[in-house]
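The values are calculated or read from the model by the stated rules, or taken from the named source; none is laboratory data. Quantities reported herein were computed from a predicted structural model and do not represent experimental measurements. A quick note on method: Cβ atoms are made from the backbone with ideal geometry, for glycine too, and the neighbour counts reach across all protein chains shown.
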Amino acid sequence: MSKNNYGFGYISIPWHKKHQNLKYVHEPFNDEEQVKKWITQGYDHKRFTGEMYDMRKPKPEWFDLNHFKKMFRWEKLSWSFYRMRTNTILPEHIDTFKRYKQLYPDYDHNKIYRAVIFLEDWKPGHLLTIADKQFPQWKAGDYVWWRHDIPHLAANVGLADRYTLQLTGFNYENQIMQ
C-alpha cells in the first residue's frame, strides 16, 4: 500500500492509566448491513464493538488534546477513548464515520483519517490488522493511522482489557509525522 494509506509511530502518553477510570458506554456498530454480513459469515457475537468515552462527554482534566494536535495536525480533530473487553471482536470493516460526517457535512469526506493510539502495552490476545499488516506487541504510545477507506480489524481474545485513544480528523495536506 502507498505510504499515505496507513502508517505508524510513537507519541508519549502523559498520564498513567487514568483512562481506565472513565465511564465507558457500549454503542452498537453503526452499519447494520455489515453486522448482518458478519453474522452470515459465522460471527455470533451480541456485541461487535467495545465501549467508548468520547467528546460528547466532558473532556477529562488530565487529557490535553493539544499534546496530540502537535503530532496529528489534522483539522476538526475529534477524540474517543475506547475499551475492548475480553471476547470483543470487530471483524474486518471500513469505518463509516457516520457521526463525524454528520458533524462536518461540508468537508471533503475523502480526507478523513483515523489514528489509534495504544494506551497500554500489548497483552496476549490483543489484535489489530490494518489492510495487510498486523501490528503485534505494541507499547503504550505506539500508534497506527489510516485513511478513511482502509479495511481493518481489532479484537481482544485475551484476558486483559485493551485500551486505545481514537483520533479522527481531516488531513488535507498529508500532515502525518512519523
Only listed residue being in contact with a helix residue (DSSP H, G or I) (Cβ under 6 Å, 6 or more places away or on another chain) and of a type outside the set (D, E, K, R), chosen from H109, H126: H109
Please go through the stretch 160-178 and pick out each residue that is touching a Gly at 6+ places or on another chain (Cβ under 8 Å) and farther than 18 Å from L90 by Cβ. I176, M177, Q178
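Rundown of residues vs (1) in contact with a Lys or Arg (Cβ under 6 Å, 6 or more places away or on another chain); (2) surrounded by fewer than 18 Cβ atoms within 10 Å (Cβ to Cβ); (3) acidic (D, E); (4) closer than 21 Å to E32 by Cα, yes/no style:
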residue: Y82; (1), (2), (3), (4): no, no, no, yes
residue: I112; (1), (2), (3), (4): no, no, no, no
residue: P136; (1), (2), (3), (4): no, yes, no, no
residue: D149; (1), (2), (3), (4): no, yes, yes, yes
residue: N156; (1), (2), (3), (4): yes, no, no, no
residue: L165; (1), (2), (3), (4): no, no, no, no
residue: E173; (1), (2), (3), (4): no, yes, yes, no
Just checking, which of D95, D106 is closer than 19 Å to Y6 by Cβ and without any contact (Cβ under 8 Å) to a residue 60 or more places away in the chain? D95
Give the number of residues within the stretch 121-147 that are within 14 Å of the chain's Cα centre (by Cα), part of a loop (DSSP other than H, G, I, E, B) and under 17 Å from V157 (Cβ atoms). 1
Taking the stretch 1-36 and the residues there that are surrounded by 16 or more Cβ atoms within 10 Å (Cβ to Cβ) and over 26 Å from P151 (Cβ atoms), the one that is modelled with the lowest pLDDT would be I13
The condition of being at pLDDT 95 or above and farther than 22 Å from W145 by Cβ holds, among W62, W79, only for W62
For a quick check of your reading of the model, give me the residue pairs whose first member lies in the stretch 31-49 and is touching a residue at least 60 places away in the same chain (Cβ under 8 Å), whose second is part of a loop (DSSP other than H, G, I, E, B), with beta-carbon atoms closer than 8 Å and at least 6 apart or on different chains. D31/T96
